[in-house]
Amino acid sequence: MYEYIKGVLVEVAPTYAVVESGGIGYYINISVNTYSQISQKKEVLLFLHLIVREDAHLLYGFATKEERKMFRQLIAVSGIGANTAGVMLSSMSVNEIVGAIMTENVNAIKSVKGIGLKTAQRVIIELKDKVGGGESIDAMLINNTATIKEEALAALLMLGFVKVQAAKVLDKIIAGGDVTTVEQLIKLALKQL
């Protein structure tokens, strides 16, 4: 429902931030990773995820789209709720989580408070294909490149191209040169598809 919030950072702690936007103060749950990125700022932009429960509407905020995407993937795994996903994103960076999943490092995931052996195995089984997505691990670990690729791939899919074929072309273009914008990547991909 909400994509992001941009406003004045009124209060911040390692687990939450209060952002004033449009005269309203929003209490937003955050991870330690997001805290470290926004704690010194006066104005912030946080990508949001809203969870509606019977007794509360909870906002979760993330400094990057990649972190929000990982949060959403984690809470889709049976046995992992929003709090556990938040603890996981506070204990490990997105790159560390992706690396642990891709290398099937159960112990790294199990080291997070609240995650046992079976849940760690379930995370790996359920998310290995989702975080891999046909990309090379190197490309995945570079946040900016991954973001540009994701946006370009989404645009190409909306234009009717096949995901696997488009992803291969995008990987080839990214590996071959200095692509800095989504628009540039899409234009080069359209010439090759």
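The values are calculated or read from the model by the stated rules, or taken from the named source; none is laboratory data. What you see is a predicted model, and the numbers here were worked out from it, not measured in a lab. Positions of Cβ are backbone-derived with ideal geometry, glycine not excepted, and every protein chain shown enters the neighbour counts. Please note that ligands, DNA and RNA were not included when accessible areas were found on the heavy atoms of the full protein model with its side chains. Shrake-Rupley method; radii C 1.70, N 1.55, O 1.52, S 1.80 Å.
So how many residues does segment 115-133 have that are within 20 Å of Arg68 (Cα to Cα) and part of a loop (DSSP other than H, G, I, E, B)?
Residues meeting the conditions: 2.
From Lys149, Lys163, grab the single residue that is in contact with a helix residue (DSSP H, G or I) (Cβ under 9 Å, 6 or more places away or on another chain), charged (D, E, K, R) and at pLDDT 85 or above. Give the steps one after another, and end with the answer.
On the way: Lys149 fails: at pLDDT 85 or above.
Only one candidate passes the filter, namely Lys163.
Quickly run through segment 5-36 and pick out the residues that are under 18 Å from Ala82 (Cβ atoms) and of a type outside the set (S, T, N, Q). Don't jump to the end; show me each part of the working.
Looking only at segment 5-36, we keep the residues that are under 18 Å from Ala82 (Cβ atoms), and these are 5, 13-17, 26-35.
Passing the criteria: Ile5, Ala13, Pro14, Tyr16, Ala17, Tyr26, Tyr27, Ile28, Ile30, Val32, Tyr35.
Does segment 93-126 hold any residues that are open to solvent by 20 Å² or more (accessible area, probe 1.4 Å) and either closer than 22 Å to Ile51 by Cβ or among the acidic types (Asp, Glu) (or both), and which are they? Working first, answer last.
Kept after step one, since they are open to solvent by 20 Å² or more (accessible area, probe 1.4 Å), are these residues of segment 93-126: 93-96, 99, 102-108, 110-111, 113-114, 116-119, 121-122, 125-126.
Result: Val94, Glu96, Glu104, Lys113, Gly114, Thr119, Arg122, Glu126.
I'd like the residue in segment 30-64 that is β-branched (Val, Ile, Thr) and part of a strand (DSSP E or B) and, out of all such residues, is most open to solvent (accessible area, probe 1.4 Å). Reasoning before the result, please.
Of the residues in segment 30-64, the ones β-branched (Val, Ile, Thr) are 30, 32, 34, 38, 44, 51-52, 64.
Still in the list and also part of a strand (DSSP E or B): 44, 51-52.
Values: Val44: 7, Ile51: 34, Val52: 91 Å².
So the residue we want is Val52.
Residues being among the polar types (S, T, N, Q), closer than 16 Å to Ser39 by Cβ and assigned to a strand (DSSP E or B): count how many of those fall in segment 15-29. First the steps, then the outcome.
Going residue by residue through segment 15-29, those that are among the polar types (S, T, N, Q) are 15, 21, 29.
Imposing the further condition that a residue be closer than 16 Å to Ser39 by Cβ reduces the set to 15, 29.
Imposing the further condition that a residue be assigned to a strand (DSSP E or B) reduces the set to 29.
Total meeting the criteria: 1.
Can you find, within segment 5-14, the residue that is surrounded by the fewest Cβ atoms within 10 Å (Cβ to Cβ) among those that are over 20 Å from the mean Cα position of the chain (by Cα), assigned to a strand (DSSP E or B) and not β-branched (Val, Ile, Thr)?
Of segment 5-14, the ones over 20 Å from the mean Cα position of the chain (by Cα) are 7-13.
Now restrict to residues that are assigned to a strand (DSSP E or B): 7-12.
From the residues that got through so far, the ones that are not β-branched (Val, Ile, Thr) too are 7, 9, 11.
Working: Gly7: 18, Leu9: 17, Glu11: 11.
Top of the filtered list is Glu11.
Which helices (runs of 4 or more DSSP H) does segment 66-113 wholly contain that include 1 or more residues that are touching a residue at least 40 places away in the same chain (Cβ under 8 Å)? Quick ask: steps written out before the conclusion?
Values: elements: 82-91, 94-102, 106-110.
Where helices (runs of 4 or more DSSP H) fall fully within segment 66-113 and carry at least 1 residues being touching a residue at least 40 places away in the same chain (Cβ under 8 Å), they are 82-91, 94-102.
Could you go through segment 182-192 and let me know if any residue there is open to solvent by 50 Å² or more (accessible area, probe 1.4 Å), under 16 Å from the mean Cα position of the chain (by Cα) and modelled with pLDDT of 80 or more.
Start the filter on segment 182-192 by keeping residues that are open to solvent by 50 Å² or more (accessible area, probe 1.4 Å), which leaves 183-184, 187-188, 190-192.
Narrowing further to those that are under 16 Å from the mean Cα position of the chain (by Cα): none.
Looking for residues that are open to solvent by 50 Å² or more (accessible area, probe 1.4 Å), under 16 Å from the mean Cα position of the chain (by Cα) and modelled with pLDDT of 80 or more, one finds none in segment 182-192, hence no.
Scan segment 1-60 residue by residue and report those that are among the polar types (S, T, N, Q) and touching a strand residue (DSSP E or B) at 6+ places or on another chain (Cβ under 8 Å). Lay out the reasoning, then the answer.
Applying the first criterion (among the polar types (S, T, N, Q)) to segment 1-60 yields 15, 21, 29, 31, 33-34, 36-37, 39-40.
Selection gives Thr15, Ser21, Asn29, Ser31, Thr34, Ser39.
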